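See below for the structure under consideration.
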Amino acid sequence: MTRRRTGMETVTTAVLYKAACPDCRSRFELASEAIRLAIGASDRTTFYSFTCPDCGAAVRKPAGERIVELLTGGGVRTLRLHSTV
């Protein structure tokens with residue numbers, strides 16, 4: 001959700017993301033609350049995840065720099081993964 005001021009009032013707009021399920025091939029829009037972002041030490045450990053609203057499958061997809069920027073800017077909850085090295 002993003003907020004912006006217009007004169008005397010604050011306008012809140014929901015951020016929606018287009019997504020697709022690799023299992024049932026359904027396409028849909030998800031609110032930022034439905035997505036989780038995990039940022040790891042490498043590209044392999046940085047991903048976003050959500051549950052398909054149609055088939056219930058747990059979906060995990062890689063997140064490059066641009067995806068991370070878009071998701072964090074839209075209010076998606078972020079988990080920072082720590083390296084054990």
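The values are calculated or read from the model by the stated rules, or taken from the named source; none is laboratory data. Being a predicted model, the structure only gives us computed values, none of them experimental. No Cβ is skipped: glycine too gets one built from the backbone with ideal geometry, and neighbour counts run over all protein chains shown.
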Inset, instruction - May I ask you to verify whether ARG36 is at positive phi and modelled with pLDDT of 95 or more? - result: no
Inset, instruction - Hey, could you check region 41-55 for residues that are of a type outside the set (A, V, I, L, M, F, W, C) and modelled with pLDDT of 95 or more and say which is farthest from HIS82 (Cα to Cα)? - result: ASP54
Legend entry - Residue within region 3-11 that is surrounded by 10 or more Cβ atoms within 10 Å (Cβ to Cβ) and either at pLDDT 95 or above or aromatic (Phe, Trp, Tyr) (or both) present: no
Inset, instruction - Give the residues of region 13-59 that are closer than 15 Å to THR78 by Cβ and among the basic types (Lys, Arg), sorted by residue number. - result: ARG36
Legend entry - Enumeration of residues in region 44-81 that are of a type in the set (Gly, Ala, Ser), touching a residue at least 24 places away in the same chain (Cβ under 8 Å) and farther than 14 Å from TYR17 by Cα: ALA57
Legend entry - Positions within region 14-35 being farther than 12 Å from PRO53 by Cα and in contact with a helix residue (DSSP H, G or I) (Cβ under 9 Å, 6 or more places away or on another chain), in sequence order: ALA14, VAL15, LEU16, TYR17, SER32
Inset, instruction - Only residues that are of a type in the set (A, V, I, L, M) and either under 13 Å from VAL68 (Cα atoms) or surrounded by 15 or more Cβ atoms within 10 Å (Cβ to Cβ) (or both): list them for region 20-30, please. - result: LEU30
